[in-house]
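The values are calculated or read from the model by the stated rules, or taken from the named source; none is laboratory data. Everything quoted here is computed from the prediction, not taken from an experiment. Note that each Cβ is placed from the backbone with ideal geometry, even for glycine, and that neighbours are counted across all protein chains shown. These accessible areas exclude ligands, DNA and RNA; they are computed on the full protein's heavy atoms, side chains included. Shrake-Rupley method; radii C 1.70, N 1.55, O 1.52, S 1.80 Å.
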Amino acid sequence: MLSLVLIASETAYQAWEIGCHQWSVETSLPLQLSDIVVLLAAVMLITKSRFLFYFVYFAGISSSVQAMITPDLGGYAYAQFRYVQFYVSHGGVVLACCMLIAACRYEPTLRSLWVSVVFVNLYGGFIYVMNRLLGANYLYMMKKPEHASLLDVLGPHPWYLVWIEGIMILSFLVLYLPFWVHKKIKGDKSKVNFIEAE
């Protein structure tokens, strides 16, 4: 059901953009990282892919949470379609990861954290080329968004991109921290039980 909601949400947004006569290749393609992970989360739920889980957990949750904290909604407010769709899709990504953690006992690994960093950077390289070809600004790689955002305190272009890289890695480490702590606790308990058994 959640997978269908995510797919329907992204499809409805594209249809809404067309219906409002504001769809354009420069702004409306689902190329933002937080848009891509919505579609990947839907596939992840259907296939229960552990590889997709790793990527969506790190890249999806961090980008979705950041997007919800500083949303780029073009002036649309509470209860309007774009507002509701934005929070349903981005919140759905977080919920999808939580569901697989709870139901399938999936856990991210330290290796999958660094693999996700590599894939995000590769995707960033692809988007940079697309931005140059389309005259677009996906991932805000060419300039800062017009609305207030975290990027405003990270310096001018292109230096804020370096800060974004550091913030991304830090956010991935924060997301991994609960699982690292859990593994340490579980490992310490196993050692205690082993000593008691002896």
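Observations
- Checked against (1) modelled with pLDDT under 90; (2) closer than 23 Å to Ala59 by Cβ, Ser3 passes all but condition (1).
- Against the list (1) open to solvent by 10 Å² or more (accessible area, probe 1.4 Å); (2) in a helix (DSSP H, G or I), the condition Cys97 fails is (1).
- Within the range 4-52, tally of residues that are open to solvent by 40 Å² or more (accessible area, probe 1.4 Å), touching a Phe, Trp or Tyr at 6+ places or on another chain (Cβ under 8 Å) and among the charged types (D, E, K, R): 1
Conditions (1) among the hydrophobic types (A, V, I, L, M, F, W, C); (2) modelled with pLDDT of 95 or more; (3) open to solvent by 30 Å² or more (accessible area, probe 1.4 Å), marked per residue:
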{"position": "Leu73", "(1), (2), (3)": "yes, no, no"}
{"position": "Gln80", "(1), (2), (3)": "no, no, yes"}
{"position": "Gln85", "(1), (2), (3)": "no, no, no"}
{"position": "Val88", "(1), (2), (3)": "yes, no, yes"}
{"position": "Ile101", "(1), (2), (3)": "yes, no, yes"}
{"position": "Cys104", "(1), (2), (3)": "yes, no, yes"}
{"position": "Val118", "(1), (2), (3)": "yes, yes, yes"}
{"position": "Pro145", "(1), (2), (3)": "no, no, no"}
{"position": "Leu150", "(1), (2), (3)": "yes, no, yes"}
